[in-house]
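**Student:** Take this structure, written in structure tokens, and hold onto it; I'll ask about it next.
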Amino acid sequence: MWVLGVNCKLHDSSAALVDGEGRIWAMAEEERFTRVKHAEGTFPAHTARFCLDTAGITWRDIDVVAMGWDMPRFRKWHDSERQEMYAALLDPETASGKGPELVFAEHHLAHALSAFHASGFDKAGVLVVDGSGEFESASIAERRPRGHPPRAGGGHRGRRRTDLPEHRAGLPRARKPPGRDGQVVAARDTEQ
């Protein structure tokens, strides 16, 4: 199984390729190829090609394209957008309905799972503080060995990072260019 994860059309257009064992084969941001900072409003076409070439596979080997936003929950999503994205990322042939399954991941859940899997813990509490998810700017989740992390709480999307007291909790401050929201993702072993 091959999963191509993508972030596109909003900011920091990027892609990552993961196999069925959970191994990351390649990942990069589109700006590394185009030299356009944040690559806003674009599809990660160069990055997707880099990921496939690194693994020595073609778009026909991809089983799932996963998007790091639940776009239909976030805003109106049309199948024509899938067609446009697949034509840019994979092959124009995929625009006619051929191609891998498209799944949408809740934005904060994607951050939480990423932090959990990188933590090395068997179970963990995960705090995500981000400029915005689909409808929240902060969320707390817990991951146990079997099952998905249930949402324990979330903050309203209208709150910005500068309004949140993460610095009072001893968490690192995120630094981004002026006008950009910051994000902090942390995982802690729940046994401690």
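**Student:** In this structure, is Met27 open to solvent by 50 Å² or more (accessible area, probe 1.4 Å) and either in contact (Cβ under 8 Å) with a residue 40 or more places away in the chain or in contact with a Pro (Cβ under 7 Å, 6 or more places away or on another chain) (or both)? Spell out the reasoning first.
**Tutor:** Values: open to solvent by 50 Å² or more (accessible area, probe 1.4 Å): yes; either in contact (Cβ under 8 Å) with a residue 40 or more places away in the chain or in contact with a Pro (Cβ under 7 Å, 6 or more places away or on another chain) (or both): no.
Answer is no for this residue.
Each row is one residue, and each column tells you yes or no for (1) modelled with pLDDT of 90 or more; (2) surrounded by fewer than 20 Cβ atoms within 10 Å (Cβ to Cβ).
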position: His38; (1), (2): no, yes
position: Arg60; (1), (2): yes, yes
position: Gly68; (1), (2): no, no
position: Phe74; (1), (2): no, yes
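**Student:** Additional query: Can you tell me which of (1) out of contact with any Lys or Arg (no Cβ under 8 Å at 6 or more places or on another chain); (2) under 22 Å from Trp69 (Cα atoms); (3) open to solvent by 30 Å² or more (accessible area, probe 1.4 Å); (4) without any contact (Cβ under 8 Å) to a residue 60 or more places away in the chain is the one Gly22 doesn't meet?
**Tutor:** (4)
**Student:** Filter the strands (runs of 3 or more DSSP E) completely within the range 116-158 down to those with at least 2 residues that are loosely packed, with under 14 Cβ neighbours inside 10 Å, in contact with a strand residue (DSSP E or B) (Cβ under 7 Å, 6 or more places away or on another chain) and at pLDDT below 80. Steps first, answer last, please.
**Tutor:** Working: elements: 124-129, 136-143, 151-156.
The qualifying strands (runs of 3 or more DSSP E) are 151-156.
**Student:** Mind telling me which of the residues Glu81, Glu93, Glu106 ends up being touching a helix residue (DSSP H, G or I) at 6+ places or on another chain (Cβ under 9 Å) and under 14 Å from Lys9 (Cα atoms)?
**Tutor:** On the way: Glu93 fails: under 14 Å from Lys9 (Cα atoms); Glu106 fails: under 14 Å from Lys9 (Cα atoms).
One residue alone meets the criteria, Glu81.
The values are calculated or read from the model by the stated rules, or taken from the named source; none is laboratory data. The structure presented is a predicted model; accordingly, all values stated were derived computationally and were not measured. Glycine also receives a Cβ, built like all others from the backbone with ideal geometry; neighbour counts cover every protein chain displayed. Quick note on the areas: whole protein, heavy atoms, side chains included, nothing else; ligands and nucleic acids left out. Shrake-Rupley method; radii C 1.70, N 1.55, O 1.52, S 1.80 Å.
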